[in-house]
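One structure below.
The values are calculated or read from the model by the stated rules, or taken from the named source; none is laboratory data. Keep in mind that what you see is a predicted model, and the values were worked out from it rather than measured. Every residue, glycine among them, receives a Cβ derived from its backbone with ideal geometry; neighbour counts consider all protein chains shown. The protein model used for the area step is the full one, side chains on, heavy atoms only, and it has no ligands, DNA or RNA in it. Shrake-Rupley method; radii C 1.70, N 1.55, O 1.52, S 1.80 Å.
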Amino acid sequence: MKTIRMAVLLSGGGRTLQNFIDLAGSGGLPVRISLVVSSRPGVPGLAKAEAAGVPTQVITAKGKPVEAFSREVTAALDAVRPEVICLAGFLSFYHIPPQYEGKVLNIHPALLPAFGGKGMYGHHVHEAVLAAGCKVSGCTVHFADNVYDHGPIIVQKTVPVLEDDTPDSLADRVFQQELTAYPEAVRLFAEGRLRIEGRRVRVLPG
């Protein structure tokens, strides 16, 4: 399988990025990470990228219109020509331009379309799941479009919600599934096995 160029957009700790780095290094993920863009300076995700020798760029959204911020991100991406762009806890809205439609993936720590949308990230999601009395939760990898948590779904993994769960304990269990789900979606993308048909993603035979 050919190796594809990946860019990762993040705003925080970089645990998902580190998973990609580790899998790419061991041959478990057919990607070369060409760029990491952070919307915040000084976050651990940048340090993880730099330790792995991955080029980084900080593009802050604060005080900028969405379109101006998005143009800066797009210019950084255009310079490395990624074949896939993975959002990994990117907390600033990025308006996806035509050249990257169908190339941007996102992971959400709930079973979309439930518990998605603006403001639903991190512990806010797990708190909402517990407050709703859900018996299962999980994670969703989907194609990103220009609406929060809206694009067609590629992979979902589930976990039980336990009686004594806290947002932290549920988050930990969901994240263990994220470590599997996101690479699975990236592999399918790299193999050319994903076909978008309206709101559905069809996984083609290998």
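Evaluating 6.51 cos²θ - 1.76 cosθ + 1.60 at θ = phi - 60° for every residue in the stretch 69-76, the Karplus couplings come out as 4, 5, 4, 5, 5, 4, 4, 5 Hz, glycine and proline recorded as x. Relative contact order of the stretch 1-53, taken over Cα pairs closer than 8 Å and 6 or more residues apart, is 49 percent. For Leu111, list long-range residues whose amide hydrogen, built 1.01 Å from N in the peptide plane, is under 5 Å from its own amide hydrogen. Long-range HN contacts for Leu111: Gly138.
As a calculated quantity, the FRET efficiency between Glu101 and Leu130 at R0 = 41 Å, using C-beta atoms, amounts to about 0.70.
Local charge for Pro98 was computed over the other residues whose Cβ lies under 13 Å away, with Lys and Arg +1 and Asp and Glu -1, and equals -2.
For the chain, with all protein chains in place and a probe radius of 1.4 Å, 53% of the accessible heavy-atom surface sits on carbon or sulfur.
Quick one: compute the contact order of the chain, relative version, from alpha carbon pairs under 8 angstrom and 6+ residues apart, as a percent.
18 percent
In this structure the amide hydrogen of Gly14, modeled in the peptide plane, comes within under 5 Å of the amide hydrogens of Gly45, none closer than 5 places in sequence on its chain. 3J(HN,Hα) along the stretch 147-153, derived from phi through the Karplus expression 6.51 cos²θ - 1.76 cosθ + 1.60 where θ = phi - 60°, amounts to 10, 3, 6, 10, x, x, 7 Hz, with x in place of Gly and Pro.
log10 I(q)/I(0), Debye, Cα-only the stretch 151-206, no solvent, q = 0.18, 0.22 Å⁻¹? With one equal scatterer per Cα and no solvent, log10 I(q)/I(0) is -0.69, -0.84. Between Ile154 and Val141, His142, Phe143, the built amide H atoms are under 5 Å apart, and every one of these is 5 or more places off in sequence or on another chain.
For the chain, the solvent-accessible area of protein heavy atoms averages 48 Å² per residue (probe radius 1.4 Å; ligands and nucleic acids excluded).
The gain in end-to-end length when the Arg193 to Arg32 segment is fully stretched comes to 56.1 nm, 0.36 nm per residue minus the alpha carbon separation. What the phi angles of the stretch 47-64 give under the Karplus curve with 6.51, -1.76 and 1.60, with θ = phi - 60°, is a coupling list of 5, 5, 5, 5, 5, 8, x, 8, x, 10, 8, 9, 10, 7, 9, 4, x, 10 Hz, glycine and proline written as x. Calculated FRET efficiency, Thr3 to Gln176, Cβ-Cβ distance, R0 = 30 Å: about 0.70 to the nearest 0.05.
Each stretch of four or more DSSP H residues adds -39500 (n - 2.57); spread over every residue of the chain, this sum gives -10500 deg cm²/dmol at 222 nm.
Between Leu162 and Ala68, what FRET efficiency comes out of the Förster formula 1/(1 + (r/R0)^6) with R0 = 41 Å and r the beta carbon distance, rounded to 0.05? Let's see the in-between values first.
Values: r = 45 Å, r/R0 = 1.09.
My answer for the efficiency is 0.40.
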